[in-house]
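First the structure, in the form of structure tokens, and then the observations on it.
None of the figures in this text is laboratory data; all of them are computed from the coordinates on show. None of the values given here were measured: they were computed from a predicted structure. Counting neighbours? That spans all protein chains shown, and the Cβs are built from the backbone with ideal geometry, glycine included.
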Amino acid sequence: MVNEANGIVQSETADELEEMDFAAMLEESFKKDSKRDALIDGIIVEIKDDIVLVDVGKKLEGRLYTSELLDSEGNITYKVGDVIKVVISGFRNERPNVSHKKAIRKERVKSFIANYKEDEDRVYELKVVGKNKGGFIVEDENEVEFFLPRSQAAIRDINSLMDKTVKVKIIKIDKDNESIVVSRKKCLDDDRKKRKEIIQELFDADEVVEGTIKKITTYGMFVDVGGVDGLVHYSEISYKGPVNPSTIYSEGEVVPVKAIKYDKEKRHLSLSIKAAMSDPWEEIKNQLEVGDSIKVEVSNIEPYGAFVDLGNDIEGFLHISEISWDKNIKHPKDYISENQEIDVEVIEINRDERRLRVSLKNVLPKPFEDFLKNYKTYDIVKGTVTTVTNFGAFIKIGGIEGLLHNEDASWNRSDKCRDFLTTGDEIEVKIIKIDDINEKVSLSKKELEDSPIASYAKVHSNGDIVTGKIRDIKDFGIFVELEENVDALIRTEDLLHDDEQELKTGDTIEAVISFIDDRKNRIRLSAKKLSKQKEREVLSKINKEDKMTLGDIIKDQLK
């Protein structure tokens, strides 16, 4: 046979033509009585290893794969003579191919269509189980098949939907072909429209609404308000400031919220819990002033201080320096604990910046006041070394710290506190000065021991002529070292005029002791007094010699 359209010669045998004509006539015969894929009650006539023969009428036996009749354990659940539902899916070698599984699915679809109410606007959650050229095959939990056209999938990557659960709406019921067409696009469009309406209503009403917490994250919470999810940022939960939402709320909890912002481009709805509550800073506007004492609860402790709850969603800050009068406080936890109720004094209120600072030490007895009640100058006391510095050491006595300066630590000028004291040492000292205005206390350790000057005074007295080495020269005089750690002062007015220009450090100088004050550990010398004293001695000697000569003359005249 010649195909004139393309000039190709095709030959077919008479048997092939006869077989093709018969199959076409047979299929046409079935179409007249029932549509293709129509449900048929078939009778099992033979069960083979791979194929089951089913009587489908018109004296024809359809071929059915045995695998369609196996249970979960691989056993055939039917026997010869059983009636089963099948559909004819095609023809092969004059014998129709039939499917039991397709028949079951078709029955489910048929049942769904029969019970479907066209006026219901329901959203279905279906699982994508397959795809074809036109779109996707989706199923519900009862394995009812639906068709999702690609144009209604609203997705670019068709593979991204496979095995996913999607929300869809029914857009067409084809009773003749027994098919159900669904749309994901319509569902999304309806959601957007509904979302837009809800958001518009939220801002138009400007009212507090209830929302359900769907998810809690480190940066906030997602809350469902009427089907729309909005974010409550952690900074919008409390007037106290940013908080960890997981410590306050749990998923599923209902909370009051208010819409505060909507980003149309990103389609982000921002909600606020604190905006749904009255502003506590307005409540205390005329109720709290600096200097007021209030009771608070310690809510959080950090190394640098603590946050305290006033009980009305306002949080104050208690700096570590305001916890105790003790200047050596290491950590707030050494003095306070979380959830502890304490009395504090308000020391700062900044309503514009919503900042409140409080002090605990201001409501505690002042250590220096207690010190003044229990101690006085010249008392000998015991204390503990808290700090050692280059210039001395701080000693804790009765809740305050006094300073033991290096020059008051030892009579030996070369000794320093750091040479013989360490933090934690217990030491006995003498209070030598109390400055109640600046709240300072000066201490001395060397005054508990005999001074070198006191020992020197036991063998020397006023008027003694002494010799020493010049240790230092000042504008007001010179310091002379008489013995080790025994210094004396010669004021400028007590120096000889000639000596002032020639004296230098290290020179030896002779002078007379003007006075010794062993209580204040002071010795005064005078070079001028020594000079005058020597002059008197010379005159006395001269006078004595003159008197002897005159006596002798008179004696001689009387003879």
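Binning at 10 angstrom from zero up to the longest distance, how are the C-alpha pair distances of segment 220-320 distributed in percent?
For segment 220-320, the binned pair fractions read 13, 38, 29, 16, 4, 0 percent.
Report the equivalent ellipsoid semi-axes for segment 286-331 in whole Å, largest first, defined as the square roots of five times the eigenvalues of the gyration tensor built from alpha carbon atoms.
The equivalent ellipsoid of segment 286-331 has semi-axes of 22, 14, 7 Å.
Checking a compactness column here: for segment 367-448, what do you get for Rg(Cα) / (2.2 N^0.38 Å), N being the number of residues?
Computed over Cα atoms of segment 367-448, the ratio equals 1.00.
If you project the alpha carbons of segment 50-139 onto the principal axes, what extent comes out on each, in Å, largest first?
Between the extreme Cα coordinates on each principal axis of segment 50-139 lie 46, 33, 29 Å.
Rounded to whole Å and ordered largest first, report the semi-axes of the equivalent ellipsoid of segment 137-205 derived from its Cα gyration tensor (root of 5λ).
Each semi-axis is the square root of five times an eigenvalue, giving 28, 15, 11 Å.
With 30 Å as the limit, write out which pairs from Lys127/Lys261; Lys433/Lys458; Lys469/Lys529; Lys196/Lys240; Lys366/Lys430; Lys59/Lys101 have Cα-Cα distances beyond it, or answer none.
Lys127/Lys261; Lys196/Lys240
Hey, with R₀ at 25 Å, roughly what FRET efficiency would Asn75 and Val45 work out to, going by the Cβ-Cβ distance, to 0.05?
Result of the calculation: an efficiency of 0.80.
At 7 Å along Cα-to-Cβ for each site, give me the label-to-label distance between Thr247 and Lys193 in nm.
About 4.6 nm, to one decimal.
When the Kirkwood hydrodynamic radius is evaluated over all pairs of different C-alpha atoms of the chain, what value in angstrom, to one decimal, is obtained?
Averaging 1/r across every pair of different Cα atoms and inverting gives 37.2 Å.
On the first, second and third principal axes, largest extent first, how far apart are the outermost C-alpha atoms of segment 84-213 in Å?
Principal extents (largest minus smallest coordinate, Cα): 74, 33, 26 Å.
How are the Cα pair distances of segment 280-363 distributed, in percent, across 10 Å bins from 0?
With a bin width of 10 Å, the distribution comes to 18, 55, 23, 3.
Once the Cα atoms of segment 206-276 are picked out, what are the Rg and Dmax in Å?
Cα-based Rg and Dmax for segment 206-276 come out at 11.0, 32 Å.
So what is the 222 nm mean residue ellipticity for the chain from helices alone, if each DSSP H run of at least 4 adds -39500 (n - 2.57) and you divide by all residues, rounding to the nearest 500 deg cm²/dmol?
It lands at -6500 deg cm²/dmol.
Under a point spin-label approximation (7 Å from Cα along Cα-to-Cβ), what is the Arg351-Lys295 distance to one decimal in nm?
So the two model labels end up 2.6 nm from each other.
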